[in-house]
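Undergrad: Below is one structure. I have some questions about it.
The values are calculated or read from the model by the stated rules, or taken from the named source; none is laboratory data. Here the structure is a predicted model, which means the values were calculated and not measured. Cβ sites come from the backbone with ideal geometry, for glycine too, and all protein chains shown count toward neighbours.
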Amino acid sequence: MAKIVGGIGTSHVPSIGKAYDMGQQEEPDWKPVFDTYKPVQKWLADLKPDVAIVVYNDHGSSMFFDKYPTFAIGAADTYPIGDEGWGRRPLPDVPGNPEFSWHLAEELVYNEFDMTVCQELSVEHGFLVPMNLCFPHEPSWPVKTVPIAVNVIQHPLPTAMRCYKLGQAIRQAVEACEDDLRVVTFGTGGMSHQLNGTRFGHLNTKFDNDFLDKIESDPLALTKLTHQEIMEEAGAEAVELIMWLTMRGALDGPVRRVHRNYYAPMTTGMGLIALEENA
Amino acid sequence: MAKIVGGIGTSHVPSIGKAYDMGQQEEPDWKPVFDTYKPVQKWLADLKPDVAIVVYNDHGSSMFFDKYPTFAIGAADTYPIGDEGWGRRPLPDVPGNPEFSWHLAEELVYNEFDMTVCQELSVEHGFLVPMNLCFPHEPSWPVKTVPIAVNVIQHPLPTAMRCYKLGQAIRQAVEACEDDLRVVTFGTGGMSHQLNGTRFGHLNTKFDNDFLDKIESDPLALTKLTHQEIMEEAGAEAVELIMWLTMRGALDGPVRRVHRNYYAPMTTGMGLIALEENA
Amino acid sequence: MTAQRDKSRTIPGTTVFDGAESRKGYRINKFAMSFTKPENRAAFTANEETYMESWSLSEKERQFLRDRDYRGLIDECGGNIYMIMKLGTCTGHGLYHVGAQLRGQTFEEFMATRNASGAR
Amino acid sequence: MTAQRDKSRTIPGTTVFDGAESRKGYRINKFAMSFTKPENRAAFTANEETYMESWSLSEKERQFLRDRDYRGLIDECGGNIYMIMKLGTCTGHGLYHVGAQLRGQTFEEFMATRNASGAR
Ligand SMILES: [Fe+3]
Ligand SMILES: [Fe+3]
């Protein structure tokens, strides 16, 4: 039986990808970002997951407003590296596990989650920055992946509670899989940030740290947040945090925190949390 | 307040469109098809709807298996006539009501229906044959439309119950609209048919007539049908009938039948039912 | 959650177009979907081999296309009936021709099984 | 169903990218989305006016593009920040340049407000 062995909440700030590609890991303002992923990399190496389910959003790479899905799931053999407007990042294409993706799609759709199923999907910073930071990937990635894309950019967005329920349904679907797969889930995006208006650059460190507390200990409290509340407090783009609730919904009961970090150098609160279920 | 004033269940067989375009309305084998829509046209002319919500499926016109949505909703000013592989039908483009579409999208998404929102969408026989048969349309259509596309061609499909619940949610969303709009809903597709394998051409008149009975008097019984049961009984493509349940879910309580017809000349049971709520 | 399909219970003479079929048929269905553009239909009509070359089709798929073997395209290559039908303007073969092939009948034999075959 | 937004309660200095914005910005966002293809970036770089002509942009949109007025594109034309950012490779303007403009500051003024501006 497949099982979920861990969950990671992490920001997916695109400039991290650029800094990585330019080899700036040791520059003083960047070093705290790259260093804090090292214990998570080590933890993941020990966990030996077979599959990473990555909950992220497409920022206009493989999806556009002509037909923008609320929830989409990848079901491809391979996810090519997308071009977001500044060329393809030098990363290897990301392997999928289409049998497992279709299994998940079947369970989710029959369980009343109205997924868009994607057999062609290029992936972008929302997906790649977390993967990039958490896994060694030369010459190839050590896990197969299932991208799950959530609309957090064009309102109406799914509610925080709906995202949490999606996580619970993913857990059920994983456990209904007869293959012996070890699965980690990623919830990506956020934390506080705003990229429009005169409030561009808004940060809310207190909100972010409170979110990091509660994603561990009281996720149900977070499911009650409305988009309005998140936006007012933490910035219009902070709504991405609802994707962390999908990761958390896939973990059952009390969890053990493996790692946590927070850093807000520029315009986005960069959070990281790694969670395991109590044995 | 907007309100639902009627619901129509109808097949959307593409050859009807071709026969219409070739002026075959009076040919003996076609005449029963075209004639039976006349009382429905009359009824609709009296009802004077402002908007038609048309639940249909895209058979590979504006959507492909690269990214195929379970539920999609149009939110465009205009829906152009699609090219399904044999050229554009000589019909005027279909007007949308984007404000109303976005209102519905907001209500549906907040109510946990994970819609794909489409600002560019060409429409095809699944949508056009019912519109063509029910409304005069030269030089232009007498209603604005909201296309709602359902995946009934690539399993996993949404369950029959999920489609019914979508209808109930559409009703709620319509009633939450403050504009004075008269709305009719269409559930399209089916009835019995199969377009693959050695069972190509399979029909089940008994199943179809029973479905016509129950869609009027006992829709909840139909929500219990599994895809397996529908396919075994009525053919692989008969699963389109789940879209009639969305139309029916949008009608509340007991209904009055205005018109009903059944005809199975070739490879598809062609059904038609028009329903009103009791005053 | 009610199971919607019983995969142990195949339906005689029936293919259920699901994830497995859609994966298998992705190439041929994408090819057929290209026929929704008039310029692609024109290109196929002008030179079938050249047009097929511009898509990464297998030799088996190309042979079935040359042979107008719709049964092969659907049953063996994962073709979806709605996509395969789009080839019709170029091949001259409509749904009932394809259907008769799927049933292993001639067009006339198939038509004779219908209730009112003028409505075609 | 909990209301997710209170539209009567606007958030100061903030645009919520919703259906109304997405409708308004459809043209400019589709234009910007085209920059995900290298050939389109090359075409814009080769001749901005010619490339803009090939899209149905309004004169206002074109003028904001000429002026690199991102605030105009976003606030007045419905531009989505993620789409507008795609213009960056061609215009040389990154997120912080755009952000400073949105705030009505110089790049340096904006940078001075950050905690660790080396992480840019
Ligand atoms: Fe993001
Ligand atoms: Fe159909």
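Undergrad: Got a sec? Which of D:K60, D:K86, D:K37 is farther than 30 Å from D:P12 by Cβ and either modelled with pLDDT of 95 or more or away from ligand 2 (no atom under 16 Å from the Cβ) (or both)?
TA: From the options D:K60, D:K86, D:K37, the qualifying one is D:K37.
Undergrad: Confirm whether A:L222 is within 16 Å of ligand 1 (Cβ to nearest atom), surrounded by fewer than 24 Cβ atoms within 10 Å (Cβ to Cβ) and within 14 Å of chain D (Cβ to nearest Cβ). Spell out the reasoning first.
TA: Numbers: within 16 Å of ligand 1 (Cβ to nearest atom): no; surrounded by fewer than 24 Cβ atoms within 10 Å (Cβ to Cβ): yes; within 14 Å of chain D (Cβ to nearest Cβ): yes.
Here the answer is no, as A:L222 does not meet what is asked.
Undergrad: Quick test of your reading of the structure: A:A149 fulfils all but one of (1) within 16 Å of ligand 1 (Cβ to nearest atom); (2) in a loop (DSSP other than H, G, I, E, B); (3) in contact with a strand residue (DSSP E or B) (Cβ under 9 Å, 6 or more places away or on another chain). Name the failing condition by number.
TA: The one condition A:A149 does not meet is (2).
Undergrad: In region A:19-51, what count of residues is obtained for those that are under 26 Å from A:M266 (Cβ atoms) and assigned to a helix (DSSP H, G or I)? Reasoning before the result, please.
TA: Our first condition is that a residue be under 26 Å from A:M266 (Cβ atoms); within region A:19-51, this holds for A:19-41.
Now drop any that are not assigned to a helix (DSSP H, G or I), which leaves A:19-21, A:31-36, A:38-41.
Within region A:19-51, residues that are under 26 Å from A:M266 (Cβ atoms) and assigned to a helix (DSSP H, G or I) number 13.
Undergrad: While we're looking at this one, here's another question. Of everything in region A:85-120, what is within 14 Å of chain D (Cβ to nearest Cβ) and not charged (D, E, K, R)? Give them in sequence order. Before the answer, list the steps.
TA: Kept after step one, since they are within 14 Å of chain D (Cβ to nearest Cβ), are these residues of region A:85-120: A:85-89.
A:G85, A:W86, A:G87, listed by residue number.
Undergrad: Just need a number here: residues in region B:68-79 that are over 18 Å from the mean Cα position of the chain (by Cα), crowded, with 22+ Cβ neighbours inside 10 Å and away from chain C (no Cβ under 14 Å).
TA: Step one: list which residues in region B:68-79 are over 18 Å from the mean Cα position of the chain (by Cα), which gives B:68, B:76-78.
Filter once more, keeping what is crowded, with 22+ Cβ neighbours inside 10 Å: B:68, B:76.
Now narrow it down to the ones that are away from chain C (no Cβ under 14 Å): B:76.
Result for region B:68-79: 1.
Undergrad: To continue, here is another question. Kindly indicate which of B:G126, B:G82 is surrounded by 24 or more Cβ atoms within 10 Å (Cβ to Cβ), within 29 Å of A:E106 (Cβ to Cβ), within 14 Å of chain C (Cβ to nearest Cβ) and touching a strand residue (DSSP E or B) at 6+ places or on another chain (Cβ under 8 Å).
TA: Working: B:G82 fails: surrounded by 24 or more Cβ atoms within 10 Å (Cβ to Cβ).
Only one candidate passes the filter, namely B:G126.
Undergrad: Being surrounded by fewer than 19 Cβ atoms within 10 Å (Cβ to Cβ) and either assigned to a helix (DSSP H, G or I) or modelled with pLDDT of 95 or more (or both) is true for just one of A:P142, A:P158. Which residue is that?
TA: Working: A:P158 fails: surrounded by fewer than 19 Cβ atoms within 10 Å (Cβ to Cβ).
Answer to the check: A:P142.
Undergrad: Going by what's in this entry, would B:S192 be described as of a type in the set (G, A, S) and closer than 24 Å to C:A100 by Cα?
TA: Yes: the conditions hold for B:S192.
Undergrad: Using the structure shown, decide if C:Y51 is at pLDDT 95 or above and farther than 30 Å from B:L225 by Cα.
TA: Working: at pLDDT 95 or above: yes; farther than 30 Å from B:L225 by Cα: yes.
Yes.
Undergrad: Looking at region B:53-99, which of the residues that are in contact with a Lys or Arg (Cβ under 6 Å, 6 or more places away or on another chain) and assigned to a loop (DSSP other than H, G, I, E, B) is farthest from ligand 1 (Cβ to nearest atom)?
TA: B:G85
Undergrad: Report, by residue number, each residue of region B:6-31 that is more than 16 Å from the chain's Cα centre (by Cα) and either surrounded by fewer than 15 Cβ atoms within 10 Å (Cβ to Cβ) or within 24 Å of B:T246 (Cα to Cα) (or both).
TA: Of everything in region B:6-31, those that are more than 16 Å from the chain's Cα centre (by Cα) and either surrounded by fewer than 15 Cβ atoms within 10 Å (Cβ to Cβ) or within 24 Å of B:T246 (Cα to Cα) (or both) turn out to be B:D21, B:M22, B:G23, B:Q25, B:E26, B:E27, B:P28, B:K31.
Undergrad: Of everything in region A:32-63, what is within 14 Å of chain D (Cβ to nearest Cβ), surrounded by fewer than 23 Cβ atoms within 10 Å (Cβ to Cβ) and of a type outside the set (F, W, Y)? Give them in sequence order.
TA: Selection gives A:P32, A:D35, A:T36.
Undergrad: Further, regarding this structure: Quick one: C:G104 ticks every box in (1) free of Cβ contacts under 8 Å to residues at least 40 places away in the same chain; (2) under 30 Å from B:Q25 (Cβ atoms); (3) facing chain B (nearest Cβ under 7 Å) except a single one, so which number is it?
TA: Evaluating C:G104 over (1) free of Cβ contacts under 8 Å to residues at least 40 places away in the same chain; (2) under 30 Å from B:Q25 (Cβ atoms); (3) facing chain B (nearest Cβ under 7 Å) leaves (2) as the failure.
Undergrad: Which of the residues that make up region A:7-18 are assigned to a loop (DSSP other than H, G, I, E, B) and in contact with a Pro (Cβ under 6 Å, 6 or more places away or on another chain)? Before the answer, list the steps.
TA: As a first pass, look at region A:7-18 and keep what is assigned to a loop (DSSP other than H, G, I, E, B): A:11-13.
A:H12, the sole residue that qualifies.
Undergrad: Kindly indicate which of D:D18, D:D67 is closer than 19 Å to A:N151 by Cβ, charged (D, E, K, R) and without any contact (Cβ under 8 Å) to a residue 40 or more places away in the chain.
TA: Working: D:D67 fails: closer than 19 Å to A:N151 by Cβ.
Testing whether each residue is closer than 19 Å to A:N151 by Cβ, charged (D, E, K, R) and without any contact (Cβ under 8 Å) to a residue 40 or more places away in the chain leaves just D:D18.
Undergrad: Write out, first by first residue and then by second, each pair whose Cβ atoms fall under 7 Å of each other, whose residues are 6+ apart or on separate chains, and whose first residue, in region A:36-48, is without any contact (Cβ under 8 Å) to a residue 40 or more places away in the chain while the second is outside any helix (DSSP H, G or I).
TA: none
Undergrad: Could you list, in sequence order, the residues of region A:100-123 that are among the charged types (D, E, K, R) and either farther than 30 Å from C:D18 by Cβ or buried (at least 24 other Cβ atoms within 10 Å of the Cβ) (or both)?
TA: Filtering region A:100-123 down to residues among the charged types (D, E, K, R) leaves A:106-107, A:112, A:114, A:120.
Matches in region A:100-123: A:D114 only.
Undergrad: Does B:I170 fit the bill of being over 21 Å from B:Y262 (Cβ atoms), hydrophobic (A, V, I, L, M, F, W, C) and not in a loop (DSSP other than H, G, I, E, B)?
TA: Numbers: over 21 Å from B:Y262 (Cβ atoms): yes; hydrophobic (A, V, I, L, M, F, W, C): yes; not in a loop (DSSP other than H, G, I, E, B): yes.
When the stated conditions are applied, B:I170 passes them.
Undergrad: Within the bounds of region B:180-198, is there any residue that is over 25 Å from B:E276 (Cβ atoms) and out of contact with any helix residue (DSSP H, G or I) (no Cβ under 7 Å at 6 or more places or on another chain)? Before you say what the answer is, go through the steps one by one.
TA: Of the residues in region B:180-198, the ones over 25 Å from B:E276 (Cβ atoms) are B:192-198.
In the following step, the residues that additionally are out of contact with any helix residue (DSSP H, G or I) (no Cβ under 7 Å at 6 or more places or on another chain) were identified as none.
Looking for residues that are over 25 Å from B:E276 (Cβ atoms) and out of contact with any helix residue (DSSP H, G or I) (no Cβ under 7 Å at 6 or more places or on another chain), one finds none in region B:180-198, hence no.
For (1) of a type outside the set (S, T, N, Q); (2) touching a strand residue (DSSP E or B) at 6+ places or on another chain (Cβ under 9 Å); (3) more than 8 Å from chain B (Cβ to nearest Cβ); (4) surrounded by fewer than 22 Cβ atoms within 10 Å (Cβ to Cβ), each residue gets a yes or a no:
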{"residue": "C:D18", "(1), (2), (3), (4)": "yes, no, no, yes"}
{"residue": "C:N29", "(1), (2), (3), (4)": "no, no, no, no"}
{"residue": "C:K37", "(1), (2), (3), (4)": "yes, yes, no, yes"}
{"residue": "C:S58", "(1), (2), (3), (4)": "no, no, yes, yes"}
{"residue": "C:R68", "(1), (2), (3), (4)": "yes, no, yes, yes"}
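Undergrad: Out of (1) away from chain A (no Cβ under 12 Å); (2) farther than 13 Å from D:I28 by Cα, the odd one out for D:F110 is which?
TA: Of everything listed in (1) away from chain A (no Cβ under 12 Å); (2) farther than 13 Å from D:I28 by Cα, D:F110 misses just condition (1).
Undergrad: Being in a helix (DSSP H, G or I) and either within 16 Å of ligand 1 (Cβ to nearest atom) or more than 29 Å from A:K165 (Cα to Cα) (or both) is the filter here; which residues of region B:100-126 pass it?
TA: Kept after step one, since they are in a helix (DSSP H, G or I), are these residues of region B:100-126: B:100-110, B:125-126.
Once the filter is applied, which keeps residues that are in a helix (DSSP H, G or I) and either within 16 Å of ligand 1 (Cβ to nearest atom) or more than 29 Å from A:K165 (Cα to Cα) (or both), region B:100-126 yields B:H125, B:G126.
Undergrad: If you don't mind, there's one more thing I want to ask. Condition first: acidic (D, E) and within 14 Å of another protein chain (Cβ to nearest Cβ). Now tell me which residues in region B:257-279 satisfy that.
TA: Filtering region B:257-279 down to residues acidic (D, E) leaves B:276-277.
Those that are acidic (D, E) and within 14 Å of another protein chain (Cβ to nearest Cβ): none in region B:257-279.
Undergrad: From the list A:A173, A:A238, exactly one residue is under 22 Å from A:V146 (Cβ atoms) and in contact with a helix residue (DSSP H, G or I) (Cβ under 7 Å, 6 or more places away or on another chain). Which is it?
TA: Values: A:A238 fails: under 22 Å from A:V146 (Cβ atoms).
Exactly one residue qualifies, and that residue is A:A173.
Undergrad: So how many residues does region B:232-254 have that are touching a residue at least 12 places away in the same chain (Cβ under 8 Å), within 14 Å of chain C (Cβ to nearest Cβ) and surrounded by fewer than 23 Cβ atoms within 10 Å (Cβ to Cβ)?
TA: Total meeting the criteria: 1.
Undergrad: Related question: Just to check your reading of the model, which residue among C:N40, C:N47 is farther than 22 Å from B:P14 by Cβ and without any contact (Cβ under 8 Å) to a residue 12 or more places away in the chain?
TA: On the way: C:N40 fails: farther than 22 Å from B:P14 by Cβ.
Testing whether each residue is farther than 22 Å from B:P14 by Cβ and without any contact (Cβ under 8 Å) to a residue 12 or more places away in the chain leaves just C:N47.
Undergrad: Sticking with this structure for a sec: So, in region B:37-65, exactly how many residues are within 16 Å of ligand 2 (Cβ to nearest atom) and of a type in the set (D, E)?
TA: Adding up the residues that qualify gives 1.
Undergrad: Filter region B:152-169 down to residues that are within 15 Å of ligand 2 (Cβ to nearest atom) and β-branched (V, I, T) and give me whichever is nearest to A:E112 (Cα to Cα).
TA: Among residues in region B:152-169 that are within 15 Å of ligand 2 (Cβ to nearest atom) and β-branched (V, I, T), the one nearest to A:E112 (Cα to Cα) is B:V152.
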